[in-house]
Structures are given as structure tokens and as C-alpha cells.
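As C-alpha cells, the structure follows; a few thoughts come after it.
The values are calculated or read from the model by the stated rules, or taken from the named source; none is laboratory data. Please read these numbers as outputs of a predicted model, since none were measured by experiment. Neighbour counts are summed over all protein chains in view; Cβ atoms, including those assigned to glycine, are modelled from backbone coordinates with ideal geometry.
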Amino acid sequence: MILGVIPARGGSKGVPGKNIRLVRGKPLIGYAIECGLKAASIDHLIVSTDRPEIAEIAVSFGADVPFMRPAELATDTAPTLPVLQHAVVEAEKHYGKTVECIVVLDPTAPLRKTEDIEACIQMFKKSNCDAVISGNVAHRNPYFNMVQNRDGYMDLVIPSGHSITRRQDSPEVFDLNTVAWVYSRKALMDEKARLPKKTLLYKVPSESSIDLDTEFDFSLLERFLT
């Protein structure tokens, strides 16, 4: 089965209550659920959370919450991969089916489109890859206008070895976003890497790739939706 997973813990520090914060009258997680439920390729859409109030809202929007996330997987320092691995194990117990791949839909990308989810899944199915990640063309480029401190002096993050005088002449780089990530079961459970060796990129337009982490991000979203 193709399992859609929406990770939504309750203890966000940057924006308290972020995953259920109202955006134009709808809890943020509701946008991810509604979009995921429209993706025909997803067999089951679940929410992984540690909070009963988030679980209740998720169920009201039509998602499944077949288990509660353990406290140790809901801390500020808990990595995402163990959360997804836990979701696979528990979902297989609940549905009695083996997960073929997992589609991660973070609530922080409310402008995602169902066609982007489907495109990521189809890219995964048709390619010899272990994962498909979503990203958009970066506005800053480590070969041109991003620097870091090296021995007390500033230098390009990635020195090119020759002069690049325009950003357009730099190698194309991408910002990762949370629109849709697809992992094979094997890569998730065995390779245990955020970016498996055989990972492909699905390009998302910048206007669909807003990622909500701060109050400023929410203010930008509100303006965009006005």
C-alpha cells in the first residue's frame, strides 16, 4: 500500500500550536489532510501525533489516527526518520498490509497541490529511485552569493575555481521544501538516511513552496491568501 503520513506533533516552540493554528478559519493541518485525501494514489492517509486535540481535529477532517506517537518521538530533538519508521510499523499492524512507499505531507506547506503529490508518486513509481523530494529553485546560490567564515575571512560556501560574475551562470541549486516527499519502505527502514543514495527531485514553483516555521511566515501566507 501507499501510505500518506502527516507528521504533526504538538510541541512546536517557534510557533506554539502551529499545526492546528487557524489559517483563514481552518486549522493548518486541515489543508494537508484535504489535499492528501484527494490524491487517488494514496491508499491510507494517517496523522502521526502525540496530542489528543490534534488527533481529534485530524479525524474530523477525514484522516486516520490509528495510533498515538510515543513521547520520545515528539520532543524538540527527535529526528523525523524514527517518526516515519514508527508510522510504517504501526500502520502495517493496523491495516494488515505491507507499505510499498510512504508519502510525507508536512502541515507546514498549505499551498501544495494534489497534482504535485501525484506527480511525486508517479516519479517514484516510474524511476529506479529510493526517494523523491520536493524543492524549488533557490534564490541564493552557494556558488555566487552565499559566504561562510574560513579562518577568519569570508569566502564562498562552494568555491568554483573560476570567476562567476552572474548568479545565472552558477550551477542550479534548490531549496528543499515540504510539499511532498516519497520514500521506499526499504530506504526508510534499512538505509535510514534523510536523503537516500538514489534520490530524485520534483521541482515545485516558488509560489507553491511556502514553508511555515515562524510568525513572519504566517504573516506572508495571510497576505498571499488575501
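A quick yes/no check of all residues on (1) buried (at least 17 other Cβ atoms within 10 Å of the Cβ); (2) closer than 30 Å to Glu92 by Cα; (3) within 14 Å of the chain's Cα centre (by Cα); (4) not assigned by TED's automatic domain parsing to the domain that holds Ile6:
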site: Asp155; (1), (2), (3), (4): no, no, no, yes
site: Ser160; (1), (2), (3), (4): no, no, no, yes
site: Ala187; (1), (2), (3), (4): yes, yes, no, no
site: Leu221; (1), (2), (3), (4): yes, no, no, no
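All conditions but one from (1) part of a helix (DSSP H, G or I); (2) at pLDDT 95 or above; (3) surrounded by fewer than 17 Cβ atoms within 10 Å (Cβ to Cβ) apply to Ala91; the one that does not is (3).
For region 206-226, filtered to residues that are in contact with a helix residue (DSSP H, G or I) (Cβ under 9 Å, 6 or more places away or on another chain), assigned to a loop (DSSP other than H, G, I, E, B) and not acidic (Asp, Glu), the residue that is farthest from Asn177 (Cα to Cα) is Leu212. Checking each residue in region 49-88 for being of a type in the set (D, E, K, R) and either at pLDDT below 95 or part of a loop (DSSP other than H, G, I, E, B) (or both) picks out Asp50, Arg51, Arg69, Glu72, Asp76. Being in a loop (DSSP other than H, G, I, E, B) and either surrounded by 22 or more Cβ atoms within 10 Å (Cβ to Cβ) or touching a helix residue (DSSP H, G or I) at 6+ places or on another chain (Cβ under 6 Å) (or both) is true of Asp106.
When each of Ser12, Ser48, Ser60 is tested for being more than 26 Å from Ser184 (Cβ to Cβ), within 17 Å of the chain's Cα centre (by Cα) and in the same structural domain as Cys120 (by TED's automatic domain parsing), the lone residue that passes is Ser12. Given the criteria of a type in the set (Gly, Ala, Ser), closer than 19 Å to Ile2 by Cα, at pLDDT 95 or above and buried (at least 19 other Cβ atoms within 10 Å of the Cβ), does Ala39 qualify? Judged against the criteria, Ala39 is a match.
Just one of the numbered conditions (1) surrounded by 12 or more Cβ atoms within 10 Å (Cβ to Cβ); (2) not in a helix (DSSP H, G or I) is not true of Glu172: (1). Considering the conditions (1) small (Gly, Ala, Ser); (2) assigned to a strand (DSSP E or B); (3) at pLDDT below 95, Gly10 is excluded by exactly one of them, (2). Kindly indicate whether Arg140 is surrounded by fewer than 17 Cβ atoms within 10 Å (Cβ to Cβ), touching a residue at least 12 places away in the same chain (Cβ under 8 Å), touching a helix residue (DSSP H, G or I) at 6+ places or on another chain (Cβ under 9 Å) and not in a helix (DSSP H, G or I). So Arg140 fails the test.
In this structure, Asn145 does not satisfy being over 28 Å from Val204 (Cα atoms), outside the structural domain of Pro205 (by TED's automatic domain parsing) and either out of contact with any Lys or Arg (no Cβ under 7 Å at 6 or more places or on another chain) or in contact (Cβ under 8 Å) with a residue 12 or more places away in the chain (or both).
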